[in-house]
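Below is one structure, written out as structure tokens, with a few remarks after it.
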Amino acid sequence: MTDTKTNTIAVRTVGLGKRFGKQWALAHCDLEVRQGQAVLLAGANGSGKTTLLRLIAGLHKPTQGELQIFGLDPQRERLTCRESLTLVGHEHYLYSQLTALETVLTWARLGGGDLSTDQIRGLLDEVDLGDHRNQRVGGFSAGMKKRLTFLRTKLENPRLILLDEPFSALDTAGQQLIEEWVDGYKVAGKTVIVASHNLPRAALLCERAVYLKQGQMIWHGKSSDMVQQMGLAS
Amino acid sequence: MARQAWAVVRKDLLLEWRGRSRIVSVLLFGVVTLLLFSFAIGPDSVILQAAAGGFLVLALLLSSTLGLSESFRLEQEQRAIEGLLLLPVDPVALYYGKCLSNTLFLMLLAPVLTPVALFFYNVELGPTGFLQLFGLWGLAAAGLSAPGTLYAAMTSRLQSQDVLLPLLLFPLVIPVLMGAVKSVTLVLTGDPMSQIQSWTLLLASFAIIYWSLCGLLFPHAIEEGS
């Protein structure tokens, strides 16, 4: 897997911080992620993991510090940056009234591509939603919504994949599917940043880990070392 | 960009079709508004006919705030708008797509509200008048949708959107309101001095200005902290 890594820096943050009102959600974050790496963001609730992912995705504007995505400033080069990344977050970005097929078709059209119905069926089959393609997503379970949203990582073909709690709401088969896809992305030289509370599972996917506490990055190193060094063994 | 804007229109029209109760509610609101205006004026058919144009445009304006705020409420559901912004979609394309679908939505009110207004206010209109009226309705809908879409996007994350949207929108659309009221009134009551062209021009000019200006401002409104 390491042969797909390059010296290209996918994400670089220098003193990055984000404040909401008077509360700093993230402060003084220095992070460098190379292309092809998979990095785990760990930390308790409210530690700043989601904020960091949303900053990288360009959904938040930094209050302080610098952020570069493949050498570009996401605030200035929004479209170019967004072409190279995708975020699968807590929210599913779905319209309850659309069917699974229509949802994927809409994403494809907006992303500039135009997929045939057969191609979309194929994609939906990959996430075990083929039989539900004509069902409105408002009636989907949380796990089914997660699977559908996860399709965006294939549809948009990004170089940088941001996953916020990818295993939540998913059954064992769904979690294995995510793992397989992430492994495939790593082999393909894509960069993956995963924020998760499911440390044993996520640590296996990511070779590097960063631990956040109250908005501060307090530890970084090998994922395998994190559980032991941070005293996180359950 | 045009292709992406069209994709937004298709998506919005499909959502409108699936949530037909929304357009029915807005239509009923428009009809009730027209009815209330006619009750407020009383049975004097001369005054009713003279005020018919104004009431029809006001019904459109009041109905538009309901439709506009609802269009972004759907986008906030499960943060669908963020899903759109995460795609490599030009926010300007997103704006024009939303704006066009909102204009089409408001234009759908015309075939219902116009005959109702003509009936309530005892106005007779020939086929040419109907065509003129629908054309003017389209311009007014475009003039209202442009700033309406911008403000609906700006206020969509706020709990007080229903209050804020009309407060922000109404003062800004006074020129559209004036142009639409005058030109619609001239169609309904006759235009002996051929003034309709100049009022229509005013209406069209403001629609164009709003479409251009709001398209430039929308990316700053929709993206956090820009």
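Cross-link list A:K18/A:K213; A:K61/A:K186; A:K49/A:K154: which exceed 18 angstrom alpha carbon to alpha carbon?
On the way: A:K18/A:K213 14 Å; A:K61/A:K186 28 Å; A:K49/A:K154 23 Å.
A:K61/A:K186; A:K49/A:K154, as the Cα separations exceed 18 Å there.
What trypsin sites (Lys or Arg not before Pro) does the stretch A:1-73 have in DSSP loop regions with at most 14 other beta carbons within 10 Å? In loop regions of the stretch A:1-73 (DSSP not H, G, I, E or B), the sparsely surrounded trypsin sites (Lys or Arg not before Pro) are A:K22.
Suppose only helical runs count, i.e. DSSP H with n ≥ 4. What mean residue ellipticity at 222 nm does that imply for the protein assembly as shown under -39500 (n - 2.57) per run, divided by all residues and rounded to the nearest 500 deg cm²/dmol?
On the way: 19 runs with 268 residues, N = 460.
About -19000 deg cm²/dmol.
Extension gain, A:Q119 to A:E66: 0.36 nm times the residue separation minus the Cα-Cα distance gives 15.1 nm. Legend: calculated FRET efficiency, B:L131 to A:D73, from the Cβ-Cβ distance at R0 = 41 Å, rounded to 0.05, equals 0.20.
Got the relative contact order for chain B handy, in percent, Cα pairs under 8 Å and 6 or more residues apart?
Working: 254 pairs, mean separation 62.6, N = 226.
Computed value for chain B: 28 percent relative contact order.
Looking at the stretch B:68-158, none of the trypsin sites (Lys or Arg not before Pro) sits in a DSSP loop with at most 10 other Cβ atoms within 10 Å of its own Cβ. Partner shielding of A:99-110 amounts to 5, given as the average count of beta-carbon atoms from other chains within 10 Å of each residue beta-carbon. Computed from backbone phi with θ = phi - 60° and the Karplus coefficients 6.51, -1.76 and 1.60, the 3J(HN,Hα) list for the stretch B:31-38 is 5, 4, 4, 4, 5, 5, 4, 5 Hz; x is used for glycine and proline. Any idea which of B:L84, B:T65, A:T106 is furthest toward the positive side of the dipole for the protein assembly as shown, if Lys and Arg beta-carbons carry +1 and Asp and Glu beta-carbons -1? About the Cα centre, the residue reaching furthest to the positive side is B:L84. For the stretch A:92-157, the relative contact order works out to 44 percent when only alpha carbon pairs closer than 8 Å and six or more residues apart are counted. Between B:L216 and A:E91, the distance separating the two model label sites (each 7 Å from Cα on the Cα→Cβ line) works out to 2.9 nm. Counted over the protein assembly as shown, the DSSP beta bridges are approximately 55% antiparallel. Across peptide B:76-82, the average count of Cβ atoms from other chains found within 10 Å of a residue's Cβ is 6. Highest mobility in the GNM of chain B, judged by mean-square fluctuation with C-alpha springs under 10 Å and restricted to B:S212, B:S183, B:S38, is found for B:S212.
Sites listed here are GluC sites (Glu not before Pro) in the stretch B:120-226 whose DSSP assignment is loop and whose Cβ has at most 15 other Cβ atoms within 10 Å: B:E124, B:E224. Residues whose amide H comes within less than 5 Å of that of A:A25, counting only those at least five positions distant or on another chain, are A:K18, A:R19, A:F20 (H built at 1.01 Å from N in the peptide plane). Computed on the stretch B:60-155, with alpha-carbon pairs under 8 angstrom and 6+ residues apart, the relative contact order is 49 percent.
Every number here is computed from the coordinates shown, using simple stated rules; none is lab data. Because the structure is predicted, anything quoted here is derived from the model rather than measured. So basically every Cβ, Gly included, is an ideal-geometry build from the backbone, and we count neighbours across all protein chains shown.
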